[in-house]
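J.: Right, I'll just put the structure down here and ask away after.
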């Protein structure tokens, strides 16, 4: 055992399932039953008096519903209990101000999913290098894509084990997400250098040392042409639908094809983010990012009837670009990957980082002449360079000056710490 000690780690691993049409139909039935169970619980909650809204009464209600409604019997008892716990947790999150009020789950607007709360029911085995098998209650033995070593067989134990899983379906098919609990050696402090990170739309990630990480389009030319064709077909078929008429099977099929292409683009973007953040976490010991309030940055510019907004279409396009880059997900990946490798992530205030000269410290709104070029207006300086790298150096400078944000009670507050490094950020 190492002198550094051990630490518990919990993470999830998502894998693709290879379901036959018959098994996929069983999984669909369970997902619809889980959604119906949620809706019935919501109706029960609204009908019952406040003093009778207890976990015991709700448990008795869903047990009775499983006996009275044959359709709900396809859902395993443990999965039904998981729906109950999730519903009550949703109300707790609402009361604590962390989420909105729970509501009904629509058939086509809700992600189809089923929870498997007990890991011992999975009985995972590895077939060969590429595939493994897992037992899904009331579905059967299913193959899944083996892309990560899991604690199964001789590697499993009280400390290293799979505690449960969750089935989910998207436009690309059914997937399973394993909940893994391991006990690992606490990593040594990362000895890599410090680096500031600036995220953007034109340049997705720019570092203070001059490194840049960019990506191309997530869809090929043929895929983008097909997506445009499908969107035009969907719009044409919507025009021929009468008000209040149900969506036809042809239109629903077109929607599914559009969702499949968009899911493929999202999967490629997620893969790029994982690869990029892994390289950064392995290279640098301390990563500093801006504390951005993304929800405020992507607000609409429509305004009101009395005061209509300006450049609404341009702002909407910018909002889509910001949402597409998923800056928050990048920070989340960096946070847990740095923690696994012994590094740390810090946040600094965002205002002024793009307008300050990283050479002389002169701050002026007109310093940034364009999206890519920074020119210092200080007559004694006049430095010019890449605007994204300049902002990243300013981010690192704020950290070195002790302006890191310390999270407290769910929010970030500024605390000025003693200077630990020279003020220069070149």
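The values are calculated or read from the model by the stated rules, or taken from the named source; none is laboratory data. Here the structure is a predicted model, which means the values were calculated and not measured. Glycine gets a Cβ as well: all are built from the backbone with ideal geometry, and neighbour counts include every protein chain shown.
J.: Is the range 297-314 home to any residue that is touching a strand residue (DSSP E or B) at 6+ places or on another chain (Cβ under 6 Å) and assigned to a loop (DSSP other than H, G, I, E, B)?
T.: yes
J.: Now for a separate question. Would you mind telling me which numbered condition in (1) out of contact with any strand residue (DSSP E or B) (no Cβ under 6 Å at 6 or more places or on another chain); (2) loosely packed, with under 15 Cβ neighbours inside 10 Å; (3) touching a residue at least 40 places away in the same chain (Cβ under 8 Å); (4) more than 22 Å from residue 390 (Cβ to Cβ) residue 263 fails?
T.: (1)
J.: Any residue at all in the range 337-352 that is outside the structural domain of residue 11 (by TED's automatic domain parsing), in a helix (DSSP H, G or I), out of contact with any helix residue (DSSP H, G or I) (no Cβ under 8 Å at 6 or more places or on another chain) and modelled with pLDDT under 80?
T.: No - not one qualifying residue is present in the range 337-352.
J.: For the range 1-36, name all the residues that are part of a helix (DSSP H, G or I) and exposed (fewer than 15 other Cβ atoms within 10 Å of the Cβ).
T.: Within the range 1-36, 21, 22, 25 qualify.
J.: Go through (1) outside the structural domain of residue 351 (by TED's automatic domain parsing); (2) surrounded by 16 or more Cβ atoms within 10 Å (Cβ to Cβ) and name the single condition residue 290 misses.
T.: With respect to (1) outside the structural domain of residue 351 (by TED's automatic domain parsing); (2) surrounded by 16 or more Cβ atoms within 10 Å (Cβ to Cβ), residue 290 is out only on (1).
J.: Checking the condition assigned to a loop (DSSP other than H, G, I, E, B) and either surrounded by fewer than 14 Cβ atoms within 10 Å (Cβ to Cβ) or modelled with pLDDT of 90 or more (or both), which residue from 216, 192 passes?
T.: Selected residue: 216, the only one of 216, 192 that is assigned to a loop (DSSP other than H, G, I, E, B) and either surrounded by fewer than 14 Cβ atoms within 10 Å (Cβ to Cβ) or modelled with pLDDT of 90 or more (or both).
J.: Has the range 154-161 got any residue that is closer than 19 Å to residue 14 by Cα and part of a strand (DSSP E or B)?
T.: Scanning the range 154-161 turns up at least one residue that is closer than 19 Å to residue 14 by Cα and part of a strand (DSSP E or B).
J.: Taking residue 183 and the conditions (1) modelled with pLDDT under 90; (2) farther than 30 Å from residue 144 by Cβ; (3) out of contact with any helix residue (DSSP H, G or I) (no Cβ under 7 Å at 6 or more places or on another chain), which numbered condition does it fall short on, given that it satisfies the others?
T.: (2)
The rows are residues; the columns are (1) touching a strand residue (DSSP E or B) at 6+ places or on another chain (Cβ under 9 Å); (2) within 30 Å of residue 339 (Cβ to Cβ); (3) modelled with pLDDT under 90.
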| residue | (1), (2), (3) |
| --- | --- |
| 7 | yes, yes, yes |
| 24 | yes, no, no |
| 37 | no, no, no |
| 67 | no, no, yes |
| 76 | yes, no, no |
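J.: List the number of the failed condition for residue 119; all other conditions in (1) within 21 Å of residue 179 (Cβ to Cβ); (2) surrounded by 16 or more Cβ atoms within 10 Å (Cβ to Cβ); (3) modelled with pLDDT of 90 or more hold.
T.: Of (1) within 21 Å of residue 179 (Cβ to Cβ); (2) surrounded by 16 or more Cβ atoms within 10 Å (Cβ to Cβ); (3) modelled with pLDDT of 90 or more, only one is false for residue 119: (3).
J.: Let me ask something else. List the number of the failed condition for residue 230; all other conditions in (1) surrounded by 18 or more Cβ atoms within 10 Å (Cβ to Cβ); (2) over 26 Å from the mean Cα position of the chain (by Cα); (3) within 30 Å of residue 359 (Cα to Cα) hold.
T.: (3)
J.: Does any residue of the range 37-47 turn out to be free of Cβ contacts under 8 Å to residues at least 12 places away in the same chain and in a loop (DSSP other than H, G, I, E, B)?
T.: Within the range 37-47 (the criterion being free of Cβ contacts under 8 Å to residues at least 12 places away in the same chain and in a loop (DSSP other than H, G, I, E, B)), the answer is no, since none of the residues qualifies.
J.: State all residues of the range 128-158 that are touching a helix residue (DSSP H, G or I) at 6+ places or on another chain (Cβ under 9 Å) and in contact (Cβ under 8 Å) with a residue 24 or more places away in the chain; if no residue qualifies, say none.
T.: 136, 137, 138, 139, 140, 142
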